[in-house]
Amino acid sequence: MKLASIPYRLLLISNELTELDRLKNDLSLKHPHAETEALDCIKDGCWEADIIILTVAPEAKREVAERIKEVATQKIVVNVFNSKDNSPELKKILPYSKLVGVSGNFSELKIHGGDTTVNEEIQQIFNLAGFNLAQ
């Protein structure tokens, strides 16, 4: 996970506790200086987070957005997608969040969002993590 290489605290959230523990242990081995915490409650994790990155299957994003909407107010929510952009649907569920879309593949990502400052912040984070961003 490239994001573990950046100087940010990562809160890993999943309902799959076994997978979550495996990921946290793997990150600890590969990035011993990374500050990571694993949580199994999405609402608590998103309450603590400043930036929320959704890397769930497209069909699960609506449910996740519904679960975090009251704790995602005024926070940056990054919708990572490959093909199906459900950002318009997420914007309806999260109207008070700063929604940014990140699309593409690991070799080249594109950032989509209505706030230039937020887009630049997300671009900086993904750049630090070593992702190539399309211009």
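The values are calculated or read from the model by the stated rules, or taken from the named source; none is laboratory data. All values derive from a computational prediction rather than experimental measurement. FYI the Cβ positions are ideal-geometry reconstructions off the backbone, even for glycines, and counts take in every protein chain you see.
Of all residues in the range 82-106, those that are in the same structural domain as G130 (by TED's automatic domain parsing) have Cβ atoms under 6 Å from Cβ atoms of residues that are assigned to a loop (DSSP other than H, G, I, E, B) and of a type in the set (S, T, N, Q), 6 or more apart or on another chain, in Y96/T73. Across the range 8-20, not a single residue is classified as in the same structural domain as Q124 (by TED's automatic domain parsing), under 14 Å from the mean Cα position of the chain (by Cα) and polar (S, T, N, Q).
Looking at I6, I13, just one residue is touching a helix residue (DSSP H, G or I) at 6+ places or on another chain (Cβ under 6 Å), farther than 24 Å from A65 by Cα and surrounded by 13 or more Cβ atoms within 10 Å (Cβ to Cβ), and that residue is I6.
Return yes when L54 is within 20 Å of G101 (Cα to Cα), touching a helix residue (DSSP H, G or I) at 6+ places or on another chain (Cβ under 8 Å) and either exposed (fewer than 15 other Cβ atoms within 10 Å of the Cβ) or without any contact (Cβ under 8 Å) to a residue 60 or more places away in the chain (or both) and no when it is not. Here the answer is yes, as L54 does meet what is asked.
Filter the range 104-135 down to the residues that are surrounded by 18 or more Cβ atoms within 10 Å (Cβ to Cβ) and farther than 20 Å from I6 by Cα and list them by number. Passing the criteria: only G113.
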